[in-house]
Amino acid sequence: DQQVKQNSPSLSVQEGRISILNCDYTNSMFDYFLWYKKYPAEGPTFLISISSIKDKNEDGRFTVFLNKSAKHLSLHIVPSQPGDSAVYFCAAHNNDMRFGAGTRLTVKP
Amino acid sequence: NAGVTQTPKFRVLKTGQSMTLLCAQDMNHEYMYWYRQDPGMGLRLIHYSVGEGTTAKGEVPDGYNVSRLKKQNFLLGLESAAPSQTSVYFCASRKTGMYEQYFGPGTRLTVT
């Protein structure tokens, strides 16, 4: 069963605009959430995270929002840059880590 | 610091052959993981280890075995490869008390 879902396989955004990537989960026992970024032929790299006791975490151009009642997580990138073009995975931790299927973000110059 | 390294980077196997994938980390991390990535499926956990000499099953463990004889190494074995095991395999590690995992560059395995 997929406990973490990213329903948008791809997203295209103009440079300078906001990118919003979404993630839904089903397991209310998840206690920590993370976003990873992946370039082709490389392993995923950690981007930003949020504890289940918080609703927002910000790091530079990246902000993660958590809505526990809706079991929904989102990543905002402002402003988007061409170098942000990559596949983004959300992940959720309980006893182990569960990953979504990923969203491919393309930022057009 | 090399971080997490994986060997080999690519491999082609025939059905029924065996092989071992090696993961090494130089960050003194306690936890190590093996994932597979398939199109539309994200990363799925195969096996993991919480320390030297210990291993546990993940989400999709069937057809794989692992060993962690040294803290810095985590081996993933396929005893009798099947085409369904064609995938990209990622190793990761993390420190106790932290959630962020550090990933290797991946191994692309094709089973014909």
- Task: Would you point out which residue out of B:TYR48, B:TYR35 is over 17 Å from A:GLU42 (Cβ atoms), facing another protein chain (nearest Cβ under 10 Å) and modelled with pLDDT of 95 or more?
- Result: B:TYR48
- Taking segment A:1-30 on its own, how many of its residues are open to solvent by 50 Å² or more (accessible area, probe 1.4 Å) and polar (S, T, N, Q)? 9
- Task: State which residue is farthest from the other protein chains (Cβ to nearest Cβ) when the search covers only segment B:72-107 and only residues that are among the charged types (D, E, K, R) and surrounded by 16 or more Cβ atoms within 10 Å (Cβ to Cβ).
- Result: B:ARG94
- How many residues of segment B:46-75 are closer than 16 Å to B:GLN6 by Cβ and either of a type outside the set (Ser, Thr, Tyr) or not in a loop (DSSP other than H, G, I, E, B) (or both)? The answer is 12
- Consider A:ASP1 carefully, then state whether it is among the acidic types (Asp, Glu) and part of a loop (DSSP other than H, G, I, E, B). yes
- Check segment B:11-22 and report whether any residue there is surrounded by 14 or more Cβ atoms within 10 Å (Cβ to Cβ), within 14 Å of chain A (Cβ to nearest Cβ), out of contact with any helix residue (DSSP H, G or I) (no Cβ under 8 Å at 6 or more places or on another chain) and at pLDDT 95 or above. yes
- Condition test on B:TYR99, is it of a type in the set (Phe, Trp, Tyr) and either touching a residue at least 40 places away in the same chain (Cβ under 8 Å) or in a strand (DSSP E or B) (or both)? no
- Note on the structure: Going through segment A:43-100 in order, the residues found to be within 13 Å of another protein chain (Cβ to nearest Cβ), open to solvent by 50 Å² or more (accessible area, probe 1.4 Å) and either assigned to a strand (DSSP E or B) or of a type in the set (A, V, I, L, M, F, W, C) (or both) are A:THR45, A:PHE46, A:ASN57, A:ASP59
- Please go through segment B:1-45 and pick out each residue that is part of a strand (DSSP E or B) and among the small types (Gly, Ala, Ser). B:ALA24, B:GLY42
- Note on the structure: Exactly one of B:ASP26, B:ASP38 is under 15 Å from the mean Cα position of the chain (by Cα) and charged (D, E, K, R), and that one is B:ASP38
- Item | Residues within segment B:23-41 that are open to solvent by 60 Å² or more (accessible area, probe 1.4 Å) and farther than 30 Å from A:PRO9 by Cα, tallied | 2
- Looking at (1) closer than 24 Å to B:LYS57 by Cβ; (2) touching a Pro at 6+ places or on another chain (Cβ under 9 Å), can you tell me which one A:ASP96 breaks? (2)
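The values are calculated or read from the model by the stated rules, or taken from the named source; none is laboratory data. Being a predicted model, the structure only gives us computed values, none of them experimental. Cβ: placed from backbone, ideal geometry, glycine included. Neighbour counts: every protein chain shown. When the accessible area is computed, the model is the full protein with side chains, heavy atoms only, and any ligands, DNA or RNA have been set aside. Shrake-Rupley method; radii C 1.70, N 1.55, O 1.52, S 1.80 Å.
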